1. If contacts are Cα pairs under 8 angstrom and at least 6 residues apart, what is the relative contact order of chain B in percent?
2. Compute a Gaussian network model of chain B, connecting alpha carbons closer than 10 Å, and tell me which residue from B:ILE129, B:ILE192, B:ILE319 fluctuates the most.
3. Suppose R0 equals 41 Å; then what is the FRET efficiency for A:GLU127 and B:LEU41 from their Cβ-Cβ distance, rounded to the nearest 0.05?
4. Accessible area per residue for chain A in Å², computed with a 1.4 Å probe and the full protein assembly in place, what is it?
5. Using helices alone, what [θ] at 222 nm do you get for chain A, with -39,500 (n - 2.57) per DSSP H run of 4 or more residues, divided over all residues and rounded to the nearest 500?
6. If I compute solvent accessible area with a 1.4 Å probe over the protein chains, what percent of it on the protein assembly as shown is carbon and sulfur?
7. Need the full-extension length gain, B:ALA132 to B:LEU52, defined as separation in residues times 0.36 nm minus the C-alpha distance. One decimal, nm.
8. Helix-only mean residue ellipticity at 222 nm, chain B, DSSP H runs n ≥ 4 weighted -39,500 (n - 2.57), per residue, nearest 500. What is it?
Amino acid sequence: MMNILELNGITKNFGGIHALSGVDLNLEAGQVLGLMGDNGAGKSTLIKIIAGSFPPTSGTISLSGKPVNFARPREARDAGIEVVHQDLALCDNLTASMNVFLGREIVRKIGPFRFLNRTAMNEQAAELFADLKSETRPKDLVRQMSGGQRQAVAIARTRLSQPNIVIMDEPTAAISVRQVAEVLDLIRRLQRAGLAVILISHRMPDVFSVCDRVVVLRRGTKVADKPVTETSPEEVTGLITGAIETA
Amino acid sequence: MNPHNTTGEMEPDTGTDWFGLAARYAAPIFLVGLVLVFALLQPNFLHPLNLLNVLRQVSISGLIAIGMTFVILTAGIDLSVGSLVALAGLVGAYVFKGGLDNRFAIGAEAVTGNPVIYAVLAAIAVGIIGGALQGLAITRLKVPPFVVTLGGLSVFRGAALLFSGGGPISGFRPEYTWWGQGRIGIVPVPVIMFFLAAAIAHIVLKHTRFGMHVYAVGGNSAASDLNGVNTRRVTFMVYVIVGFCCGLAAFLLSARLNSAEAVAGMGLELDVIAAVVIGGTSLFGGVGSIFGTVVGALLIGVLRNGLVLMNVSSFVQQIVIGLILIAAVAFDQYAASRSRA
C-alpha cells in the first residue's frame, strides 16, 4: 500500500541546537500513529514541519509519493493536512458552527454583497457532529461546552476540507476521564473514514487503545517504530526515558 | 428573536437562568425604568418634542459609538474620537468656505466656496485617514491601542488648533446647516443618520464575514489567526470604521452648531465609550452588539435630559454618568466570572 505521508531524513537545526536528526517516518491511510517522547524530544518540531509552520533544514516530505515544500500552514492545509492544536484554537464567544467555519465561512451573494449563510453552516455543522457521534449542537456557544464537546468542534473543523491526514496535539491532556473516551472514539471514527491520524500524547493508555503504531523520539532521533501489538507500555516508557536504548 | 443576544445566536436552554437573563437585558430594563421614573416625576418628559430632542442630543455621540463598538469588540479602544471630530469638522468647514478668508462671513458674502458634498467628503476623508494612521500604528508598530489613541487624542487636537489658528470657522449657508438642524418630517436629520448607521452596522456585524471576524478576533486573536482570519486587516479596519464615523459626526456637529471649532468634541470619548460599555459590549472583546450600543446611547441621553428637566445641576450629571459607567463594567466583570465558573 502506498504511503500517504513519507518523511525521509528530516533534520532540523535551530542555531547550534539539533532538534531533529535524520528522522524517517511513513504513514498509511487509515492508520493511527502514536508519536511519543519526553518534553524536548522533538515531537512538536516534527509536527510543525509536517504542518508547514517551518521547513526542515534537510530531508524530504512526500504526500502520496509527490514531494512537497510548505511555506506556510495554509499550504499544508490545502494539501490535506489538518491540525488540531493543543489549545484547540477555538473562539469561546462564538457558536460551535461558527468555530467550525471560521476562516472558511459559507456566504450567499445578494447583489454586490455577500452575507453569511448561517442556515447552511449550522446544517453542515450538525451533519459533521452527527458523523462524529457527538452531542454538540451547532448553535451552542463554545464557552458553555465540556472539554469533549470542544474537542469535537476542533475535530469537526478538520473535516471541512476532506483531509488525508489529521494531526492531534495532546487532545486528551486537559479533559476528564469520560471525555477522554469520547475523544478516543472520535479518533477511531476518523480512522474508519480512511484518514491517517498522528496522535501526540503522553498518556500510555490512550496510545495503546487507539494507535496501530507507536513512534518514540528521544533527543531528536527516532528510537522506536513498531506496531503496538509488538510492544508494551513498559518498553515504551523505557524508550522514552532512555532506560532502553532502541527497539 | 432575542434582541440582546450578543453573538446573534441561540443559546442552549439549560433551565431558566434568571441572573443570565437579567444580565443580558440589564441596559434595556434600566432604560425603560428610567423613562418611567422621569415620566412620573416630570410630565413634560414624554412630550414628543422632548423625546426627539433626546434623540438629537445622542445622535452625534451615538454615531461615533457605533464605530466604537467595532473597536471595543476586538478588545481595542479609541480615545482620540473627540479630537478627530474637531479636526475633521474644521477641514470640512474650510472646504465648504473655500478657505479661511471668509471664515466668519454669512449670507451673500459667503457665497464663494465649494458644494456641501465636498465638505462632507473632506470631513469623512480626514476621519478615515486619522483612523487608518492609528490602525497602522497598532497593527504594524504593535503599540497598544490605548497608547496609540491617547497619543492621537493629543495629536489631532494639536493639529486642529494649528489648522484653525485657534479660532472657529462659522456662519454656514442653510444647505450646510440643514444637515444638523433640519428635519425630515418631524425627525431631525442627525437622528436619521444615527439610526441609518446603526442599521448598516448591525447588518455588517451579524451577517458578513468581516463582522464574524471582528467577533473572532475579540474572542481569541491567536486562534483566529491559525484558522486563516486576517487578524491584522480586521484590526486595521475597525479603526478606519470609527474614523469614518468621526468624520461624518464632525460634519453633522458643525452643521448643528453652525460652527466648526478646534475645541469641539472635548471629552466626547467619555459619552461614546460609556454608551458602548453600558450597552453591554465587553471591554475584553468578543461580546456586544449594535443594539446594545443604541440602548446605551439612549440611556445616557435620557439620563441627561431627565436630570435637566428636574433642575439637577450639570455637575451632578457628570458624576452620575461616571458612576453608571463604572457600575456597568463591574457588572460585566461579575457576569464574566460567573459564566466562567
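The values are calculated or read from the model by the stated rules, or taken from the named source; none is laboratory data. On a predicted model such as this, the values are computed, not experimentally measured, just so you know. Heads up, the Cβs are rebuilt from the backbone with ideal geometry, glycines too, and the neighbour counts pull from every protein chain shown. Areas reflect the complete protein model, heavy atoms only, side chains present, ligands, DNA and RNA absent. Shrake-Rupley method; radii C 1.70, N 1.55, O 1.52, S 1.80 Å.
1. 32
2. B:ILE319
3. With a Förster radius of 41 Å, E is 0.10.
4. Counting only protein heavy atoms, the per-residue value for chain A is 44 Å².
5. Roughly -9000 deg cm²/dmol at 222 nm, from the helical runs in chain A.
6. 61
7. Full extension of this stretch gives 25.4 nm more.
8. Per the formula, -23500 deg cm²/dmol.
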